[in-house]
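Down below is the structure, laid out as structure tokens.
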Amino acid sequence: MIVGSGSRAVVFYDATDLFWTAGIFIFPVATLIIGGGAAQFVPKGHSDSLLQTVKDFPLVFAIIGIPIVGFFISVIVTIVSSIRHNGLIIGLIMIVLKLSASFFLLLAALGALYATEGDIQRGKRFLAIVLFGLLGWITIRMINGHRVEERRLMLQEAAVEA
């Protein structure tokens with residue numbers, strides 16, 4: 001992703017592109033959080049059959065299903081956006097980098113979500129928060145769509161004049 005910090009390849013075209021890429025790890029975490037809360041509405045020992053539970057409690061599964069759909073939309077939008085703004089070859093490289101980064105962020109977020117007080121000491125938790133903040137700042141700096149467009153336009157104009 002360091003390649004995109006300049007003006008040669010688009011990492012995130014704009015804030016919307018960043019949102020959809022972030023959705024790859026935000027939506028699964030939201031599904032787990034919402035699912036944990038929604039599961040309390042289903043009585044214990046209700047049914048072993050998922051189909052029967054869905055029939056009896058459709059709203060619970062609709063609430064859980066919304067973030068799951070958001071995850072798949074995020075993946076598709078990220079793929080399409082990367083190819084649209086960078087072309088096929090660079091776009092495919094950016095897809096691999098974005099999906100890999102999102103996967104590792106998802107693992108880190110899930111680890112932080114399911115860690116108990118005994119697992120993480122206060123200093124390590126503070127360090128994790130600082131690192132996530134730093135990652136957020138770096139990610140915002142990666143919104144470079146307009147810089148790349150300006151550079152490409154400048155190169156096109158120079159080529160036309162030559």
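The values are calculated or read from the model by the stated rules, or taken from the named source; none is laboratory data. Remember, it's a predicted structure, so these values are computed and weren't measured experimentally. Cβ: placed from backbone, ideal geometry, glycine included. Neighbour counts: every protein chain shown.
Surrounded by 13 or more Cβ atoms within 10 Å (Cβ to Cβ) and either modelled with pLDDT under 70 or among the charged types (D, E, K, R) (or both): which single residue out of Glu157, Glu149 fits that description?
Answer to the check: Glu149.
How do the pairs read when you match residues in the stretch 72-86 that are farther than 11 Å from Thr16 by Cα with residues anywhere that are in a helix (DSSP H, G or I) and basic (Lys, Arg), using Cβ under 8 Å and keeping only pairs 6 or more apart or on different chains?
Ser82/Lys98
Looking at Ile95, is it modelled with pLDDT of 75 or more and either surrounded by fewer than 17 Cβ atoms within 10 Å (Cβ to Cβ) or farther than 16 Å from Val11 by Cβ (or both)?
Against the criterion (modelled with pLDDT of 75 or more and either surrounded by fewer than 17 Cβ atoms within 10 Å (Cβ to Cβ) or farther than 16 Å from Val11 by Cβ (or both)), Ile95 does not qualify.
One line per residue, one yes/no per condition, for (1) over 18 Å from Ile138 (Cα atoms); (2) at pLDDT below 80:
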residue	(1), (2)
Gly23	no, no
Ala30	yes, no
Lys44	yes, yes
Val60	yes, yes
Ser74	yes, no
Thr78	yes, no
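When you scan the stretch 111-124, do you find a residue that is modelled with pLDDT of 75 or more and in a helix (DSSP H, G or I), even just one?
Within the stretch 111-124 (the criterion being modelled with pLDDT of 75 or more and in a helix (DSSP H, G or I)), the answer is no, since none of the residues qualifies.
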